[in-house]
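Everything below concerns the one structure shown next.
The values are calculated or read from the model by the stated rules, or taken from the named source; none is laboratory data. Treat the numbers as computed from the prediction; the structure is a model and nothing was measured. Methodologically, a virtual Cβ is constructed for each residue, glycine included, from the backbone with ideal geometry; neighbour enumeration extends over all protein chains shown. Protein only, heavy atoms only, side chains kept; ligands, DNA and RNA dropped before computing areas. Shrake-Rupley method; radii C 1.70, N 1.55, O 1.52, S 1.80 Å.
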Amino acid sequence: MASVSSQPQFRYTQPPSKVLHLRNLPWECTEEELIELGKPFGKVVNTKCNVGANRNQAFIEFADLNQAIAMISYYASSSEPAQVRGKTVYLQYSNRQEIVNNKTTADVAGNVLLVTIEGADARLVSIDVLHLVFSAFGFVHKITTFEKTAGFQALVQFSDTETASSAKNALDGRSIPRYLLPEHVGPCALRITYSAHTDLSVKFQSHRSRDYTNPYLPVAPSAIDGSGQLTVGLDGKKLEPESNVLLASIENMQYAVTLDVLHMVFSAFGPVQKIAMFDKNGGVQALIQYPDVQTAVVAKEALEGHCIYDGGFCKLHISYSRHTDLSIKVNNDRSRDYTIPNTPMVNSQPSILGQQPVSVMGPTVQYNGAPYTPSPEQQPGMPQTSAGWGPGVPPMPQSMPMQMHSNPYMPPGTMPPQGMMQSPIQSGLPQSSMLPPYGSGQIQ
DNA sequence: AGCACA
């Protein structure tokens, strides 16, 4: 006998569940209205509204099964139907036992935005530009920036959710206006979600984090160059002009950083003309000269705060030098002029690729000044750019093609000298407590 | 008016 197939979706009796399924709700019914509806019968622990193609269905979940039964029972025998905004609502036990909310933290509105800057040049977007962009919507309290697998990201804190929402709505998916970016920087789009943070912890004003509510916050050591000059004003403006010469200070120098190591690291962004190393304040600093400012800018943005060796060792802090042309008197293990070919020099092949310590750095230095003299104009006929790529001691010449110069940067997340530069170290700023609460794979 | 991530 051909049996009539049962239709499970139209069962008129269902096993009880803490979860009730509601239908015929008014358009875009809110969570608050659902809670109001269920409250007389028990504790509503979860809801899900705007379900279904018409967004007029919902679920409410009670803390206890008996509470759900009480609600169903009440309206089963009541002359007054359940209603929301005067509209009759039909309810029944859900065929599931609990509400699964795919609401991620990114969907919960808050006063802090998680901003992902997309684009090949995302890292070149300064914190000041971000501040400017977001300030259009209200007072920006704090900004932290960091790099994760998702790329270059920032947390932007407003005073309240409303302001943050207006900024998110206006900026999500939009690109940073061109006129706010330097000439050589490509388009940078903003992807914005909410962060679960409510108050960012900013310890210093630095290139990576700012607290605009606290003018007394100390400026990070990384924002001060060798002469103690501020590179970041308390108003968040950079005080130092860009230069083709970078001043790099090396923090936590557990492993010796040789001139050749520096040459290799900095050569990834373009030809290095000259390097001068010296000791200052008990640490090692170096001046690195590029032929042009643009290359230096790219190198600085890419390397600032990064560590040469894994494990937080030899962290680079980079600022612009006031010099434009270093005067290298002698080529030795602390200073070198790569623009002079065939210069005799001590052989010092570094064994850096294995990330092994070359030697332990000791306080062997009594040098008081820099091994260069700051004479701005010297060697007027000096060959520029590729001239210095000759028979010097390029540690990895084959890996640094000349095109580097025209396209000095590399794909996001790839640090130039393989094996040495690790993924950005988050030590120092920003604090781990500021990092977004997601697993690294979930951000998009 | 009839069950939710793709």
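Some values worked out for this structure:
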| read-out | value |
| --- | --- |
| Sequence-distant residues sharing a close amide H with A:Gln205 (under 5 Å, placed H) | A:Val219, A:Ala220 |
| Distant-in-sequence amide H partners of A:Tyr93 (H built 1.01 Å from N, under 5 Å) | A:His21 |
| Protein-only accessible surface order, largest first, of A:Arg336, A:Arg322 at 1.4 Å | A:Arg322, A:Arg336 |
| Stretch gain in nm, segment A:Arg174-A:Ile35, where the contour uses 0.36 nm per residue and the Cα spacing is subtracted | 46.4 nm |
| Simple spin-label estimate for A:Asn24 and A:Thr104 in nanometres, 7 Å along Cα-Cβ | 3.7 |
| J(HN,Hα) series, the stretch A:161-173, from Karplus relation 6.51 cos²θ - 1.76 cosθ + 1.60, nearest Hz, glycine and proline x | 5, 4, 4, 4, 5, 5, 5, 4, 4, 7, 9, 4, x |
| Distance cut-off 17 Å, percentage of C-alpha pairs in the stretch A:245-337 lying past it | 42 |
| Radius 13 Å from Cβ of A:Phe139, net charge of other residues (Lys, Arg +1; Asp, Glu -1) | -1 |
| Farthest toward positive dipole pole in the stretch A:245-337 [+1 Lys/Arg, -1 Asp/Glu at C-beta], among A:Ala286, A:Val330, A:Gly270 | A:Val330 |
| Segment A:Thr213-A:Ser166, length gained on full extension (0.36 nm per residue, minus Cα span) | 14.9 nm |
| Built amide H within the under 5 Å cut-off of A:Cys29, gap 5+ | A:Asn50 |
| Computed log₁₀ I(q)/I(0) - Debye formula, equal Cα scatterers, no solvent, the stretch A:112-211, q 0.10, 0.23 Å⁻¹ | -0.23, -1.30 |
| By accessible area with a 1.4 Å probe, ligands and nucleic acids excluded, highest first: order of A:Cys49, A:Cys29 | A:Cys49, A:Cys29 |
| Net charge over other residues, Cβ less than 14 angstrom from the Cβ of A:Gly186 (K, R count +1; D, E count -1) | -2 |
| Distance between modelled label sites at A:Lys203 and A:Tyr74, nm, 7 Å Cα→Cβ extension | 5.3 |
| Descending semi-axes in Å of the stretch A:8-167, equivalent ellipsoid built from Cα gyration tensor | 44, 16, 13 |
| Within the accessible area of the stretch A:19-93 (1.4 Å probe), percent carbon and sulfur | 49 |
| In Å², nearest 10: area of A:Glu162 left accessible to a 1.4 Å probe | 130 |
| Accessible surface, per residue, of the stretch A:112-211 when the full set of protein chains is kept, probe 1.4 Å, Å² | 38 |
| Neighbourhood charge, 14 Å Cβ-Cβ cut-off, centred on A:Leu37 and excluding it, Lys, Arg +1 and Asp, Glu -1 | 0 |
| Ranked order, A:Lys87, A:Lys300, A:Lys329, A:Lys39 - accessible area, probe 1.4 Å, largest first | A:Lys329, A:Lys39, A:Lys87, A:Lys300 |
| Per DSSP, loop trypsin sites (Lys or Arg not before Pro) in the stretch A:152-187 with at most 13 further Cβ within 10 Å | A:Arg174 |
